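Here's the structure, in structure tokens; my notes come after.
FYI, it's all coordinate maths here, none of it is from the lab. Every value quoted in this text rests on a predicted model; they were computed, and no experiment measured them. Every residue, glycine among them, receives a Cβ derived from its backbone with ideal geometry; neighbour counts consider all protein chains shown.
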Amino acid sequence: MGRPRSFEESELLEAVMDAFWRHGYAATTYRSLETLSGVGIRSLANTFGEKDELFTRALARYRQRVAGNLAAMFDPPSVESIVSIFERVSSPADENDARAAGCLMVNTVFEIDEPAQDIANEIAQYRDLWRSTFQEALETDHVTDAEARAEFLLGALWGALSQIRLAGDTTAAQPMTSVVIETIRGWTQPR
């Protein structure tokens, strides 16, 4: 009979997600996670499986966290909610703010050229989450061509997050986000 677990799986998954987010897929090894968490490699592997399985679960956890944040920020959905997202993304962050690490999903796209299917599925679901959130907000405020504009906003967001990742600083996205915000506000101006 095996020993009972001496850790809370949900809390450990949060720590694992944070490690992948801050350090990347390649640099986050089971050995580094053992050091970080105090949970042995065997226990980690028995609980989460191979590294790709663990990473997929971390991505799912990240997507769920973002979905919860979006639900709160877009209650009710509006163009101003979208503006708030772009303002927040590029606002100054201190060293403890995870936003300085960029976005775990965008970082993953940069780091892993050909992700396993489960990882690719998580990235696709994450992109769909943002796209549908943007589209609903645009439709709520009767912005024309909401589907195409939501796709534009998704690309703009990923571009801004790329700037953050490359610079390691949220304010690196400010030139881009200010233009995006100006564009968004133009969509609701009477013609």
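Tabulated data
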item: The range 58-187, relative contact order in percent, only Cα pairs under 8 angstrom and at least six apart counted; result: 39
item: On Cα atoms only, tilt of 117-140 relative to the major axis of the chain in degrees; result: 30
item: Protection-proxy order for peptides 101-113, 7-19, each taking the mean of Cβ atoms within 10 Å per residue, highest first; result: 101-113, 7-19
item: Under the Debye formula (equal points on every Cα, no solvent term), log10 I(q)/I(0) of the chain at q = 0.09, 0.10, 0.17 Å⁻¹; result: -0.38, -0.46, -1.11
item: Lys/Arg +1, Asp/Glu -1 at C-beta; the range 58-187 dipole; positive extreme among S132, T170, A156; result: T170
item: The range 150-191-the range 53-77 distance, computed between alpha-carbon centres (Å); result: 20
item: Crossing angle, helix 9-23 versus the chain [Cα axis fit, 0-90 degrees, rounded to tens]; result: 70
